[in-house]
1. Over the range B:93-287, with a single point scatterer placed on each C-alpha, what log10 of the ratio I(q)/I(0) does the Debye formula yield at q = 0.09, 0.10, 0.13 1/Å?
2. For the range B:24-37, just list the computed ³J(HN,Hα) in residue order, Karplus coefficients 6.51, -1.76 and 1.60, θ = phi - 60°, integers in Hz, with x standing in for Gly and Pro.
3. Among A:Q187, A:Q47, A:Q179, whose mean-square fluctuation peaks in a Gaussian network model of chain A (Cα, cutoff 10 Å)?
4. With charges only on Cβ, +1 for K and R and -1 for D and E, what is the dipole size of the range A:93-287 about its Cα centre, in debye, rounded to 20?
5. Of the DSSP beta bridges with both residues in the range B:38-146, give the percent that are antiparallel, rounding to the nearest 5.
6. Residues with amide H under 5 Å of D:W50's amide H, sequence separation 5 or more or different chain, H placed in the peptide plane at 1.01 Å from N; which?
7. Under a Cβ-only charge scheme (Lys and Arg +1, Asp and Glu -1), can you give me the dipole magnitude of the protein assembly as shown about the Cα centre, in debye to the nearest 20?
8. Taking each residue in D:23-33, count the Cβ atoms of any other chain within 10 Å of its Cβ, then average. What number comes out?
Protein chains: 4
Amino acid sequence: MSDTEQAKTYCLVISCPDAVGIVAEVSKFVAEHDGSFVESNHYTDVQGAWFYMRNVINADSLSISIEEFREQFQAVADKFEMIWTVRASNEKQKVVLLASHASHCLADLLYRWHSNELNCDIPCVVSNHENLRSMVEWHGIPFHHVPVTKENKPEAFKQMNEIIERHNADTVVLARYMQIIPPELCQKFAGRLINIHHSFLPSFIGANPYQKAYERGVKLIGATSHYVTEDLDEGPIIEQDVIRVNHSCSKEDLVRMGKDVESAVLSRALRYHLDDRVIVRGNKCVVFQ
Amino acid sequence: MSDTEQAKTYCLVISCPDAVGIVAEVSKFVAEHDGSFVESNHYTDVQGAWFYMRNVINADSLSISIEEFREQFQAVADKFEMIWTVRASNEKQKVVLLASHASHCLADLLYRWHSNELNCDIPCVVSNHENLRSMVEWHGIPFHHVPVTKENKPEAFKQMNEIIERHNADTVVLARYMQIIPPELCQKFAGRLINIHHSFLPSFIGANPYQKAYERGVKLIGATSHYVTEDLDEGPIIEQDVIRVNHSCSKEDLVRMGKDVESAVLSRALRYHLDDRVIVRGNKCVVFQ
Amino acid sequence: MSDTEQAKTYCLVISCPDAVGIVAEVSKFVAEHDGSFVESNHYTDVQGAWFYMRNVINADSLSISIEEFREQFQAVADKFEMIWTVRASNEKQKVVLLASHASHCLADLLYRWHSNELNCDIPCVVSNHENLRSMVEWHGIPFHHVPVTKENKPEAFKQMNEIIERHNADTVVLARYMQIIPPELCQKFAGRLINIHHSFLPSFIGANPYQKAYERGVKLIGATSHYVTEDLDEGPIIEQDVIRVNHSCSKEDLVRMGKDVESAVLSRALRYHLDDRVIVRGNKCVVFQ
Amino acid sequence: MSDTEQAKTYCLVISCPDAVGIVAEVSKFVAEHDGSFVESNHYTDVQGAWFYMRNVINADSLSISIEEFREQFQAVADKFEMIWTVRASNEKQKVVLLASHASHCLADLLYRWHSNELNCDIPCVVSNHENLRSMVEWHGIPFHHVPVTKENKPEAFKQMNEIIERHNADTVVLARYMQIIPPELCQKFAGRLINIHHSFLPSFIGANPYQKAYERGVKLIGATSHYVTEDLDEGPIIEQDVIRVNHSCSKEDLVRMGKDVESAVLSRALRYHLDDRVIVRGNKCVVFQ
C-alpha cells in the first residue's frame, strides 16, 4: 500500500498477451537505468493468456528522466505489444466529482482529499442540486449547479460535458449522482468514470436497492464501485463490501447503515484508481492491492 | 447465545398481531409460576403490525411442568391469537441430512453434532451418491443411498420420503444436496427444510453460481442458508455470509474458498433453527441472535 | 436499531439485582398506561445475579406524560432496587468534543451530527491546537482553544472544566484528544466520558500503538472505544473493531488505515451511548444493539 | 491463490539484502530456460533494506529439471547472497500433528487433508490423550499416545522427538497441543513449528485467554497462528482473525465460538506455510497471499 506522502516514484503499468521473458525484459530495463523497485506485482490470467504488471520505481534511483523512460521503454513495449503507462507520483490526476442531493460520499471524498489521503486534484464539483454548495466551497473547490430535468437532459449534459472538458478532467466520479450518464460520456471516459452503486452487485440492480434488500430479507447489505459502461450497473467491478443487518432494521436503517459502506467502498476504489492499481480488461478489473 | 451444555430450559416462542399488553401478560404468566428468564427478546414489526417474541426460561425455577405450561398458557395465547410453541432444551429435534457428492457441509455438521455443538439427533443421512457412507457410518449414523436419475425421480423421492417419515424427522437439511426437491416435500416441511445456496442470494440464483461470480468479477463471494419453498432459491433467508476474493482467484479457487463459507453459514442457520431462534413470516425470517 | 427521524419515543433503561417478576411488573406498568413497545431487550447476568433492561416505548401511545411516568414508575423501581432512567427521544444530550491535532474522528462526528445521524447537541469543541477551528466553525459550533503544556496543565484543565460546565455537558467525547484526563474529571464524568484508543485493547496499551503493532507484525489492527476511568486504557469497553493489514504496510500505512477504524468505532460507541443502549456495571458494558 | 490440483509448478522463494537488478537477474534466468511464471510477488522492506520474492513457475514450460535448476541458479543466488529454496508442487512436506484433548483444530486439519486441500502428507498424529485415536485412525493415519506429566516430561519429549524424527517431519503443527515445547525442539524446528494461540495476540498471552477476554469485556475475540520460539506466544505471527462477541456471551460461549476461529486461522497458516508463502525474518513474517 503506497503512501502519498512518500518519496517520488514512477508507476509503470503494463498489460499484454502472455509470453516468456516479459518480466525479465522489464526488470532488465529498469535495472540498466539503476532503478530500484519499491513495489511490484504481476499476474498472468492463464485462461485468457494475458499478462498484467504494476511496478513502482523509486524515481531518485533512476538515472533517466520520466520523458527518457517513456521514449526508451517503447522498444520493450513494442516487442510484447504492451498497453502501458508510466506516471510520476507527483503528477496528480484531475478528478471531477458529480453529486446529487446525498452528501455522504461527497463529504467523505472531500475530507480524504483535504487530509491528503487521495493523490489527486479536484478542480470542481458538479451537482444537479444546490444543497452541497457550502460544504464544497469551504474546501476551496468551485461548485457548479447544473439542474437536470426530463426536458433539459441533453442540454444539461452538454453543459456538464463542457465543465468537465474545461477542467481537463482525467477521471470523473459519480458520488451518488442519481442521473443516468449518456452513452457518449460513458465511452469518452471509458475506464475513467467511477460509480458507486448502493447494493452488492449483481444483487438489486437498478433503482431502490435498499427497498429491494428490505423486501428480500437479506442479512448483509453492500455497495459496489465500478467503472460505468453503457449497460447500467454492469460495468467492471473495482471494489465491493458489505455489512451485517437483521430483521429489526427498517428500510430507513438500511439506508443509514449503507451510507458508511458506500463511502468506504467508493473512496477505496478511487484510491486504487489514482494509484494505478486497477487494470481493466473486458468486463473485469485486475486490482493490485 | 445459549449453550447446549447448560441447565435445562424451556424456550417459548410467540408471534401474533401486535397489541398492548402482550409482554405484560406473558411475563406475568411466567412470574406467577416463579419462572426466571435466562434470555428474552421481542420485536415488533411496526409496518406489518406483528409481534415476535422468544423467551428462554430456567426450567428448574418453574413451579409447573412443561405439560402444565402448555395447557395453562393456552388462555394467554388465545387472547392474543398467538402462533406459539414451547420446547424443553432436552427435547432434541430429529434432523435428517441429505447430501450428494460434496463432503464439506456434511462433514462440518457431523463434526459439530459429534462434539455436542448442535442440539439435535441425526437419525440418518440420505445421499444420491455412495462416496460419503464411510464418513457417516464412522459417526454411528445410518447411511441410506437413494440414487436419483431423470427416469427414477418420482420413485426416488417417494423412497426418500419414506425414510424421512420412518425416522420421524422434525427438520430436513440439504447439505449441498444437488437435486430439486418436489413441491409436496417443500410444503410438508415448510419452515423445517433448510438449504445452503452457494452464493450471496439474490446474486447468482440457480446453477453454477461460482462460474457466474467468476465471470462477473465480483470481489466477495458468499453463501445463503434459507428455508426451501417451491420457488427455487427464493425462500426466507436465515443466514448469509461472504469472503473476499480477487482477480487472481480461478473458478476452482472460488469453489474451494466458498466451501468454508457454505459450511459456516449452514451450521449457524441450523443452530439458530434448533435453538428456536428463527420465526418465519411471509418470505422473511426474524432471527433472535 | 433506532432511527432518529422516527416518532417520539421514551427510552426506559433499568439495571437491578435479578429477581422473579421484574419483566412482568415493568411491562404491566407500561401496559396499564397503554404504552406500546417499539423495541425491548433484557439480559440477566446469571453469574453476577444482575438484571439489565432497555425498553423503547411509543410516546404517543402512552396515556401519561414523561413527568408522570417518572413519578409513578418510582414505586416499581423501589420494589426491585433499580438503577433507572427514562429519557424522551427529543431530549437531546449535550456532547462536548475534545480534540487535538488529528482531524479524522472530529470530522466524522461533525459530519454525522450535521446529517442528523447523532441524536445530540454539540455546544462546543475544545482543542489544545488551533488547526481545526475553521472546520468546526463551518458547522456553526463554537471552538475553544485551550493549549496544554507541562507547566500549565492544572490551569488548562481548570479552564476546560469551566467550559464543559458552562455548556452543561451531559457527555464528553475525546475525539483523539491526546492529553491524559485528570482523575477529578474522570470521576465527575464516570460513564459519560468516552475515549477512542487507537488499538485493539488490551493489545498495545499506552502510547504509540501503531508503532508497537508494526514491530509485533500483527495481521489485524484495531480501535477501541471505552469509558474513561483513572486507569489509563482500562475502562469499560463499548465497541471495538479491526481491519486486516499485512507485511507490506509501513507504520505510516497503519496510521492511515487505522483512522477509518477509529472514526467508525468512536461514532458507533457514541451512537450507542446517546441511544441509551449502554449500561455500565463494574468494568464491563452491556450494549443492547 | 494456488490450487493444489493444478499443473505441476516449481516455487522459488528468495530473500536477500536489497540491491538493484535482483528481479532482472532472477527473471532473466527463468526466461533463458523458457520458464513461464504462474504467479510472482516481491516486496522490499525499505527500512530493513531487505528483499523478499516468491515465484511460481510452470514446471512443464522449463527446459531444465529441478535438479539442474538448483545447480545453475546457485550462481545467481551467490551474487546477491540469497537465502533461497525451490520446491516442486508434487514434493509434499511431511507434517506431524500434535494434539491434546480438544478435537476441533485436529478434525479440521484432517478433513482438509482428506479432501486434498492441504498439499502435504501426515505421517502421524501424536497426542498426550487417547480420546482422538479413533478419529485419526479412521483417516488411515497412525496415532501415537505419549502421555505427559510433570514427572515424565523430559522422557515424554524424548519419545515425541524420536517419533517426529522417525517420520522425517518437515513441519510440526501444534493443533491445540497444551504442553510447552522444550527449547531444543523450538530451535530444531525454527520456522517449521506452527502453533495456534486462542487469542488475538498480543492480547491475553499465556493461559486461559478466554477467561481473560470474558473478564475484560472485549467485543471481539480472536486467534493467532505463529511460529513457536522459546519465548512463549512471542513468535512470528503468520495469521490472525477475530469474531464479534457481546455481553451476553458466557465464558463457555467464547470458548465455543473461538473454536471456529482457531480452526480457520490454523488451517490458513498451515496452507500458507505449505505453499511456501511465508518468509520469516527476525520476529516477523512476510506472507505472500
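1. Debye intensities relative to I(0), on a log10 scale: -0.31, -0.39, -0.67.
2. Result, ordered by residue: 4, 5, 5, 6, 4, 4, 5, 5, 4, 9, 6, x, 10, 6 Hz.
3. Of the options given, A:Q47 has the highest mean-square fluctuation.
4. Rounded to the nearest 20 debye, it is 340 debye.
5. Expressed as a percentage, antiparallel bridges in the range B:38-146 total about 45.
6. Those qualifying (amide H under 5 Å, at least 5 residues apart or on another chain) are D:D18, D:D45.
7. 0 debye
8. 6
Every number in this text was worked out from the coordinates using simple rules, so none of it is lab data. Remember, it's a predicted structure, so these values are computed and weren't measured experimentally. Cβ atoms come from the backbone with ideal geometry, glycine included; neighbour counts cover every protein chain shown.
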